[in-house]
């Protein structure tokens, strides 16, 4: 069954891989991010391969921006079946580096961005009595490591928000958390602290491709309406984390 699926952070990494896979499976995809040129290029490639896709520029830190994206998706494809709240940033640093602006950026994107995605789709899904919210967390949402205190806090929050939403909406709406281990993406490029950046280079040597996470998302989407895949952790077999 073809579903209408909106994906944030879809211009690269997990978001891009997920958009490509779900479109290839016959779903109608709306890719959302801030990089217009990249979004347009991906949509063109999806269409050339026979898929159905549109895109729009979104700033997940603004509720109105996410709400407008959902309205756009429903205008072009119909009622939204699934949102994948994937947009995230990871500017790691030790707390004593006092990167307060970067802490706030992570809170705004990783927590508020997810909440805005939920707020934008929940009324419509509740009115229709169906839908699925997929939130991308991290193994950092299960364990804390040096330089990652604030990042991990935001991902723990994603898990808490998701579980609260699952309990509140009951059987009408499915809620899934996907927690990737180290995965090929642009996230590490946001690390400005030299100590954390060097540590991440070693950590990423065992990175799995973003397509591995996309397959997990596809699995959750493909389940029948009475099956809610609450959480999946996907990590490299070579990684101890």
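Please treat every number below as a calculation from the coordinates, not as lab data. All values derive from a computational prediction rather than experimental measurement. Note: ideal-geometry Cβ built from the backbone for every residue, glycine included; neighbour counts use all protein chains shown.
Annotations
- Along each principal axis, taking the top coordinate minus the bottom one, the Cα set of segment 110-160 gives 44, 16, 12 Å in descending order.
- In plain terms, the chain from residue 76 to residue 61 could stretch by 3.0 nm, reckoned as 0.36 nm per residue minus the Cα-Cα distance.
- Taking 0.36 nm per residue of sequence separation and removing the Cα-Cα distance, the residue 24/residue 2 pair yields an extension gain of 6.8 nm.
- Note on segment 88-180: Kirkwood radius taken over Cα pairs, Stokes-Einstein applied at 4 °C and 1.567 mPa s, translational D equal to 94 µm² s⁻¹.
- The peptide list 170-180, 48-58, put in order of mean Cβ contacts within 10 Å with the highest first, becomes 170-180, 48-58.
- The slack in the chain from residue 107 to residue 36, taken as 0.36 nm per residue of separation less the alpha-carbon distance, amounts to 23.2 nm.
- Cβ crowding within 10 Å averaged over residues, with 108-119, 67-78, 152-163, 216-227 ranked highest first: 108-119, 152-163, 67-78, 216-227
- Every pair of different Cα atoms in segment 1-91 enters the Kirkwood calculation, which places the hydrodynamic radius at 12.6 Å.
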